[in-house]
């Protein structure tokens with residue numbers, strides 16, 4: 001397949017300015033996804049740096065079979081998983097509302113903030129594949145096809161995972177409300 005993104009192609013051919021521009025365009029996306037995955041700013045920064053380094057090494061392997069952003073999410077996800085396995089973090093997350101960049105409506109009151117925190121805690125408890133899917137679709141805004149490309153699975157699997165997530169979140173939220 002022909003790579004449609006000229007900046008990507010130039011970076012693959014060794015153009016350092018193109019690679020720097022590509023990193024600049026995607027740095028916040030990488031960090032945001034890493035943060036949503038691990039929940040800690042310092043870890044997300046380290047993961048993001050690892051992704052940038054890895055991207056420099058594997059840039060030539062991008063073949064354009066999916067969107068560059070889907071390929072980049074996959075790399076970020078793999079680096080984040082490896083990082084978390086290596087570090088074996090057990091600390092408690094304290095800044096849950098930042099995970100989905102939640103900005104509570106000041107008029108909504110503390111109840112809305114509490115519900116949002118509960119939802120985020122429930123998302124954290126989802127099995128890995130389902131949590132990845134929820135983050136890609138609902139936090140990153142990928143459609144089912146894009147999420148499937150990123151996670152190397154069928155669109156139907158994405159739909160099933162989201163259905164399972166809804167069931168699990170309903171159960172979790174019911175427990176939290178009682």
Could you state the number of Å between the C-alpha centres of the stretch 126-145 and the stretch 39-79?
16 Å
When 32, 57, 161 are ordered from fewest to most other Cβ atoms inside 10 Å of their Cβ, what list results?
57, 32, 161
Hey, with R₀ at 35 Å, roughly what FRET efficiency would residue 25 and residue 171 work out to, going by the Cβ-Cβ distance, to 0.05?
0.30
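Going by how many other Cβ atoms sit within 10 Å of their own, how do 115, 171, 123 line up, fewest first? Write out the running numbers ahead of the final one.
Numbers: 115 15, 171 11, 123 22.
Listing 115, 171, 123 from fewest to most nearby Cβ atoms yields 171, 115, 123.
Laboratory data are not the source of any read-out in this text; all were calculated from the coordinates shown. Predicted, not measured: the structure shown is a model, and the values here were computed from it. Here Cβ is always computed from backbone atoms with ideal geometry, including for glycine, and neighbour counts include all displayed protein chains.
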